[in-house]
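Heads up, the thing below is written out as structure tokens.
The values are calculated or read from the model by the stated rules, or taken from the named source; none is laboratory data. Owing to the predicted nature of the structure, the values given are computational and were not obtained by experimental measurement. Backbone-built Cβ (ideal geometry, glycine too); neighbour counts: all protein chains shown. All accessible areas refer to the heavy atoms of the entire protein, side chains included, with ligands and DNA or RNA removed. Shrake-Rupley method; radii C 1.70, N 1.55, O 1.52, S 1.80 Å.
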Amino acid sequence: MAMNETPLTEAFYYILLALRKPNHGYGIIQEVEELTLGRVQLGPGTLYGALSTLQKRAWIEIYSEDESSRKKKEYIITPEGRKAFEKERERLKELVNNGKLMEESEDGQI
């Protein structure tokens with residue numbers, strides 16, 4: 001399985017979700033924390049490492065860069081990133097559906 005086809009980490013998943021519209025690092029941190037009701041809190045090291053990896057995979061790109069504000073950058077998901085996100089969303093949906101099928105079976109045992 002190629003690197004780009006492996007399941008997304010939770011951080012990657014939520015970062016891509018937060019970048020459906022242009023967003024900067026602190027905005028991503030805030031949105032992920034809000035979406036997960038505080039369960040997922042991205043630290044700066046995790047965030048900026050993930051952003052670098054996602055850029056290398058061409059799943060996100062720089063949307064704008066403010067040279068006067070300590071080079072504050074806004075990122076946005078790319079079409080390739082949307083494909084990866086949708087593939088992962090479908091994979092997760094399958095996992096949940098299979099779990100529901102097991103719950104609905106007579107004994108619920110694997």
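Within the stretch 80-103, residues that are under 30 Å from Thr53 (Cα atoms) sit with their Cβ atoms under 6 Å from residues that are small (Gly, Ala, Ser), at 6+ positions apart or across chains, in these pairs: Glu80/Ala58. Answer yes or no: is there a residue in the stretch 22-36 that is of a type outside the set (Asp, Glu), over 25 Å from Pro7 (Cβ atoms), assigned to a loop (DSSP other than H, G, I, E, B) and touching a residue at least 24 places away in the same chain (Cβ under 8 Å). Within the stretch 22-36 (the criterion being of a type outside the set (Asp, Glu), over 25 Å from Pro7 (Cβ atoms), assigned to a loop (DSSP other than H, G, I, E, B) and touching a residue at least 24 places away in the same chain (Cβ under 8 Å)), the answer is yes, since at least one residue qualifies. Of everything in the stretch 37-83 that is open to solvent by 60 Å² or more (accessible area, probe 1.4 Å) and assigned to a loop (DSSP other than H, G, I, E, B), the residue that is farthest from Pro22 (Cα to Cα) is Arg39. From the list Leu16, Leu37, the lone residue that is within 24 Å of Arg91 (Cα to Cα) and under 12 Å from the mean Cα position of the chain (by Cα) is Leu16. Quick one: which residue in Leu16, Leu8 is assigned to a loop (DSSP other than H, G, I, E, B) and in contact with a Leu (Cβ under 8 Å, 6 or more places away or on another chain)? Just a single option satisfies the conditions, and that option is Leu8. Quick one: count up the residues across the stretch 9-36 that are closer than 22 Å to Glu86 by Cβ and surrounded by 14 or more Cβ atoms within 10 Å (Cβ to Cβ). The total comes to 14.
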